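Take a look at the structure set out below.
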Amino acid sequence: MIIPFKSGQHSQDEYVVCPRAPLTVAELRDRMLQRAKVTEGSYAYRLVDNLHAAILVQSIDLKADYDAYFACEYKSFGEYLRRRARFPSAVVATLTQAVDESSGMYHFRPAYAFLDDAYGLEFLTRLLEDPTAGEAS
Amino acid sequence: MRVRAGFVSNSSSTSFLIITRDELEEGAFLELMGVAPDSPIADLFRELFSDVVGSSQYADLARVDTRVSPEAWFDADRLSPAMIARLQQAAGRGLKAYFGRLSSDNTLVQTFFCTDAFEVENERIYFNYLECAW
């Protein structure tokens, strides 16, 4: 699941990326590269590899961050999202509902200009999520 | 101290040079960039290809005047030393060249590629995308 939102009226889109399966970051990287159908060592390969690192290595995993550092300070994950991360209430509601099904919740603030609006979400979805049965056929 | 009044532009542009054996085609370009035609991210590179073709000047290197600097072949103010060396090497060998500039002011795809710099090459195409100016 990928949740897009804007923190301000004129801000670029931010995303919370929530992988469902209990996969390691290395396994998620392999899946991204496979889905992207890029040739190893090429420009496109480096682009996808860097994007993987930006999302799943350099971005904060909110779920792990809460469990490790903030569970004492905030009585619930939702409160942590609301008060510390200052997420919009609709995003907080979606994330608190999905927290048990997600192996991580990565707050990704892209430095890639094209990852904005509907195209940005579609691009990330194609790279990060397996197509549903209908889309694959 | 110099004081500038008015707008300060944060835009950037990148000059590029492509040297090819054949006419530049989308399939060969995607192969050079390392992305399969049915890749879910191929559209990003298709748009780059379209922008590159749409904003470039073409020169048939079999017909250029090798007595003048390659800048004159493209009506360009300045080419990098690496570009000049490549063009001089390729002149007279029946190759084709495309020189142009992408600007971060145009589209989000161009904005992204104007923040990057790369040089890629295979047996059919050489693509110099190193000349980024902020």
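So, in the stretch B:50-69, how many residues would count as being part of a helix (DSSP H, G or I), aliphatic (A, V, I, L, M) and open to solvent by 50 Å² or more (accessible area, probe 1.4 Å)?
1
Examine the stretch B:32-41 for a residue that is in a helix (DSSP H, G or I), closer than 30 Å to A:E122 by Cβ and modelled with pLDDT of 90 or more, and state whether such a residue exists.
yes
Anything in the stretch B:75-98 that is open to solvent by 50 Å² or more (accessible area, probe 1.4 Å) and under 18 Å from B:R21 (Cα atoms)? List them, or say none.
Listed by number, the residues that qualify are B:A85, B:R86, B:Q88, B:Q89, B:G92, B:R93.
Somewhere in the stretch A:17-32, is a residue modelled with pLDDT of 90 or more and either within 14 Å of chain B (Cβ to nearest Cβ) or more than 16 Å from A:L124 (Cα to Cα) (or both)?
yes
In the stretch B:81-96, what residues are under 14 Å from the mean Cα position of the chain (by Cα) and within 16 Å of B:S56 (Cβ to Cβ)? Show your work before the answer.
First, pick out the residues of the stretch B:81-96 that are under 14 Å from the mean Cα position of the chain (by Cα): B:82-84, B:86-87, B:96.
Residues satisfying the conditions are B:M83, B:R86, B:L87, B:K96.
Give just the number: which of (1) of a type outside the set (S, T, N, Q); (2) surrounded by 18 or more Cβ atoms within 10 Å (Cβ to Cβ); (3) in contact (Cβ under 8 Å) with a residue 40 or more places away in the chain; (4) closer than 21 Å to A:E101 by Cα does A:I60 not satisfy?
(2)
Just give me the residues in the stretch B:111-120 being farther than 17 Å from B:E26 by Cβ and in contact with a strand residue (DSSP E or B) (Cβ under 7 Å, 6 or more places away or on another chain), in sequence order.
B:C114, B:A117, B:F118, B:E119
Which residues, taken from the stretch A:16-54, are part of a loop (DSSP other than H, G, I, E, B), more than 26 Å from B:Y129 (Cα to Cα) and touching a helix residue (DSSP H, G or I) at 6+ places or on another chain (Cβ under 9 Å)?
A:C18, A:P19, A:R20, A:A21, A:L23
Filtering the stretch B:99-134 down to residues that are more than 11 Å from chain A (Cβ to nearest Cβ) and open to solvent by less than 20 Å² (accessible area, probe 1.4 Å), which residue is nearest to B:S12 (Cα to Cα)?
The extreme case among them is B:L102.
Going through the stretch A:104-128 one residue at a time, which ones are assigned to a helix (DSSP H, G or I), at the interface with chain B (Cβ under 9 Å from one of its Cβ atoms) and among the hydrophobic types (A, V, I, L, M, F, W, C)?
Answer for the stretch A:104-128, where residues must be assigned to a helix (DSSP H, G or I), at the interface with chain B (Cβ under 9 Å from one of its Cβ atoms) and among the hydrophobic types (A, V, I, L, M, F, W, C): A:F123, A:L127.
Listed residues B:A72, B:A36; which is without any contact (Cβ under 8 Å) to a residue 12 or more places away in the chain, surrounded by fewer than 17 Cβ atoms within 10 Å (Cβ to Cβ) and over 29 Å from A:V38 (Cα atoms)?
Among B:A72, B:A36, only B:A72 is without any contact (Cβ under 8 Å) to a residue 12 or more places away in the chain, surrounded by fewer than 17 Cβ atoms within 10 Å (Cβ to Cβ) and over 29 Å from A:V38 (Cα atoms).
The values are calculated or read from the model by the stated rules, or taken from the named source; none is laboratory data. All figures in this text were calculated on a predicted structure; none of them were measured in a lab. Glycine also receives a Cβ, built like all others from the backbone with ideal geometry; neighbour counts cover every protein chain displayed. Remember, those area values only see protein heavy atoms, side chains included, never the ligands or the DNA or RNA. Shrake-Rupley method; radii C 1.70, N 1.55, O 1.52, S 1.80 Å.
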